[in-house]
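Rule-based calculations on the coordinates, nothing more; no lab input. The shown structure was predicted, so the numbers you read here are calculated from the model rather than taken from an experiment. Neighbour counts are summed over all protein chains in view; Cβ atoms, including those assigned to glycine, are modelled from backbone coordinates with ideal geometry.
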Amino acid sequence: MEGVKPPYLLLCNHNAFYDFMVATVATFPHQAFYVVAVDGFIGREWLMRRVGCIGKRKFTNDIALIRHLKTVVERGKIAAIYPEARYSLCGTNAVLPPSLGKLVKHLNVPVVTLITYGHHINAPFWNQTTRGVRTKATMTQIINGKEIGTLSIDEINDRINQAFEYDDFAWQRENKIPVKYKNRAKGLHKVLYQCPDCRTEYKMASGGDEIWCEHCSKRWKMSELGELKAVEGDTRFSHIPDWYEWEREQVRHEVESGTYCFRSDVTVRMLPNSKGFIDIGRGEMVHDMNGFELTGAYDGTQYKLTIPAQSVYSCHIEYEYGKYRRDCVDLNTLKDSFWVFPRGDNFSVTKISLATEELFNYRKL
C-alpha cells in the first residue's frame with residue numbers, strides 16, 4: 001500500500017459484522033463509501049446515508065449503483081464493496097460476480113483488497129456469538145492505475161479471485177489459535193446439513209462441541225482448533241470446509257443429472273424500503289433446474305416472481321432470521337426484496353444456496 005492514496009476501489013471479504021469496523025480503521029483518515037444491502041438500512045437510513053453508505057438489493061444487476069460508484073471515485077473517495085455479498089458460510093471464499101472485471105475497467109482506479117482472517121472463527125455465521133478470538137487483516141494493492149488499461153477483464157477477474165482465496169479454519173489451525181467457547185459447534189449443522197456416512201439430508205443436529213446425525217447416530221467432536229473427529233469410527237472430514245465442498249459435489253450431481261428440485265409452502269415477508277418488513281402471508285416456492293419461482297397472493301392480488309437460473313450467480317440466505325427465528329432465502333428484484341421462509345424442517349437453505357451457484361455454472365456451459 002506504499003504510496004497508495006484515494007481514489008481506489010476497495011474489495012473486502014465478508015465473514016462477520018466486525019469486517020466493517022476493521023475496514024473503517026484500515027482506510028482512516030480517508031472516507032470510504034460502502035455498498036450496503038437494503039436490510040442494513042432498516043430504521044437507520046438517515047445515519048447510513050450520512051456516513052456514506054450506498055443501498056443495493058443483493059444479487060441484482062443495478063445500473064444506478066455503477067453510476068454512484070463512478071461518482072465516488074471521481075470525487076477522489078474510496079468505493080468499498082463486499083463482492084461476496086453475504087457472510088461466508090464456513091470461513092472460505094464465496095463465489096464472486098464475473099462482472100467485477102468490467103467494473104474495474106469502468107471505474108479506472110487502482111484496486112485494493114482487504115482480506116480478513118479469523119473473523120469467521122470469532123463469530124461464525126451459523127452461531128454469531130463472539131468468541132474473543134484475535135484476528136488479522138491484510139490490505140494490498142493488487143492492480144495499480146497503469147495496469148487497468150493493459151489487463152483484460154478475464155485477467156482482472158483472475159487476479160481478484162486469487163486475492164480472495166482464504167480459509168479461516170486452516171488459518172486458525174496454522175496459527176494454533178484455540179477457541180475455548182463451550183458451544184463452539186452449536187449451529188454447525190446449518191452448514192453441514194448432510195451426513196457423509198449415511199448420506200441422509202436434513203437430519204444433522206449440533207450442540208456444545210459436537211455435531212451428529214439423528215438418522216445413523218454418527219457423532220463428531222469439534223476441537224478447540226476447529227477440527228472435527230468422529231467419536232467412533234473413521235473421520236472422513238476433519239476440515240469443516242472439506243465437508244461443505246463435499247455437499248456441493250452432491251448438489252452438482254443432482255444439477256448435472258437434471259433431478260434437482262425443491263418445492264415448499266412458504267411464509268413471505270417483503271421489504272420494499274428501509275421502513276421495515278411487510279408480512280404478505282403464505283405462498284409457494286419452487287427452486288429447480290429453471291431457477292426460482294415464488295407465487296402467492298397479497299391483499300387479494302396474485303403475484304408471481306420468477307428468477308431464471310442463468311440470471312443469478314448466488315443467493316443470500318439467513319439462519320434463524322427475524323421474528324420467525326427460522327431459516328430463509330432472500331430473493332430480490334430492483335424494487336423489492338422477498339424474504340422466503342420454507343415451512344417444516346425437511347430442507348436446508350444452505351443446499352438452496354449451493355444449488356443456485358451450481359445451476360448458474362451449469363447454465364453457462
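Normalised radius of gyration (Cα atoms, divided by 2.2 N^0.38 Å) for region 136-215: 1.71. Listed by chain and number, the lysines whose alpha-carbon sits under 23 Å from that of K70, ignoring those within fewer than 8 places in the same chain, are K5, K56, K58, K102, K105, K146, K335.
Only DSSP H runs of four or more residues enter the estimate; each adds -39500 (n - 2.57), and after division by the residues of the chain the mean residue ellipticity at 222 nm equals -7500 deg cm²/dmol. Setting aside same-chain residues fewer than 8 positions from K221, which lysines have a Cα under 30 Å from its Cα? Counting by Cα, and skipping residues close in sequence, K221 has these lysines nearby: K136, K176, K180, K182, K186, K190, K203, K229, K351. Could you please rank D19, D242, D299, placing first whichever residue has the fewest other Cβ atoms within 10 Å of its Cβ? So the ranking, lowest neighbour count to highest, is D299, D242, D19.
So for region 8-174, considering every pair of alpha-carbon atoms, how many percent are separated by more than 20 Å?
Percent of Cα pairs beyond 20 Å in region 8-174: 51.
With only Cα atoms counted, the chain has Rg and Dmax values of 20.8, 61 Å. Straightening the chain between E320 and D336 buys 3.6 nm, computed as 0.36 nm per residue apart minus the Cα-Cα spacing. The GNM of the chain, with springs linking C-alpha atoms under 10 angstrom apart, assigns the highest mean-square fluctuation among G187, G91, G344 to G344.
Averaging 1/r over each pair of different alpha-carbon atoms in region 261-364 and inverting the result gives 13.9 Å, the Kirkwood hydrodynamic radius.
With just the Cα atoms defining each centre, how far is region 208-237 from region 154-195? Give it in Å. So the separation of the two Cα centres works out to 17 Å.
The alpha carbon centroids of region 297-343 and region 20-91 are separated by 22 Å.
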